[in-house]
Ligand code: 13P
């Protein structure tokens, strides 16, 4: 049995005040969840606040990125795994499509960030997904395979025993246009098969999250699919009631 996981990617949103309010509202609701693992991924500058606010809860913290170098030093603008550990992070998102598209992160750089997360004892959440153009060209599986294979090439298949994959079709992110449960399931099943070709046991235990316009109202039908093990939530993770509704859908 794979334990469901719902992670909120806050992206570059929030203020000290709005985050305090969001976490206050979330904490009350999260206490009644049974099975689902809940993670929030704030902007780096708020990690200390979030760590303090979540101290006495089961809600975990993740980062939105991580430096590919394990060693401290001259890497202006980057944050190391060791630093993230110090602020209570358990997970690290790597390869989000916004990093790939807006900041030019290559498959190889994403793979190195994945490796750095593992080296620091963090669980990487590797984001993969195709653009609308790629879907229309019929190359979704090739794109996702390429993104995964770059990590397998660097880290080996066993690394996925301590990792999470998030399938986020770029055309569904922040657009209100969710993949249908079947569209998502098809790609999730492909991802699991791709991993299973190298290691069936790892594939069986691997949690694959869906991300892209998940809301309280569409979460249950997505979570009901056999290869969808949770969600990576953007916009809806900024509203406590919406986020908790998604967590509940994954919990049951
Ligand atoms: P939305 O839920 O806002 O579509 O964002 C998804 C996402 O990019 C999560 O990482």
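Here, each number is a calculation from the coordinates, and none is a lab measurement. Keep in mind that what you see is a predicted model, and the values were worked out from it rather than measured. Cβ coordinates were reconstructed from backbone atoms using ideal geometry, including for glycine residues, and neighbour counts include every protein chain displayed.
A simple spin-label model places the labels of residue 72 and residue 161 3.2 nm from each other, with each point 7 Å out along Cα-to-Cβ. Each peptide in 61-72, 176-187, 196-207 receives the mean, over its residues, of other Cβ atoms within 10 Å, and ordering these scores from highest gives 61-72, 176-187, 196-207. Roughly how many Å is it from the Cα centre of region 209-242 to that of region 165-195, as a whole number? First find each Cα centre; the distance between them is then 11 Å. In the chain, the DSSP-assigned H stretches of four residues or longer account for a calculated mean residue ellipticity at 222 nm of -12500 deg cm²/dmol, using -39500 (n - 2.57) per stretch and the full residue count as denominator. Potential lengthening of the chain between residue 103 and residue 182 amounts to 25.3 nm, from the contour at 0.36 nm per residue minus the alpha-carbon distance. Given the convex hull of the Cα atoms of region 40-86, what is a quarter of its surface area in nm²? Projected over every direction and averaged, the Cα hull of region 40-86 covers 3.3 nm².
So if R0 is 30 Å, what FRET efficiency would residue 189 and residue 13 give, r being the distance between their Cβ atoms, rounded to the nearest 0.05? Step by step, r from the Cβ atoms, then E = 0.40. A convex hull fitted to the Cα coordinates of region 121-215 yields 100 cubic angstrom per residue.
Note that region 32-132 shows a convex hull volume over its alpha carbon atoms of 121 Å³ per residue. Taking only the C-alpha atoms of the chain, the Rg (one decimal) and the largest Cα-Cα distance, Dmax (whole number), read 16.8, 49 Å. Segment residue 119..residue 57, full-extension length gain: 19.7 nm, with 0.36 nm per residue of separation and the alpha-carbon distance subtracted. Taking the average, over residues, of other Cβ atoms within 10 Å as the packing measure, peptides 101-110, 157-166 rank 157-166, 101-110 from highest down. Residues 131, 58, 76, arranged from fewest to most other Cβ atoms within 10 angstrom of their Cβ, appear as 76, 58, 131. The value of relative contact order for the chain, using C-alpha pairs under 8 Å at least six residues apart, is 22 percent.
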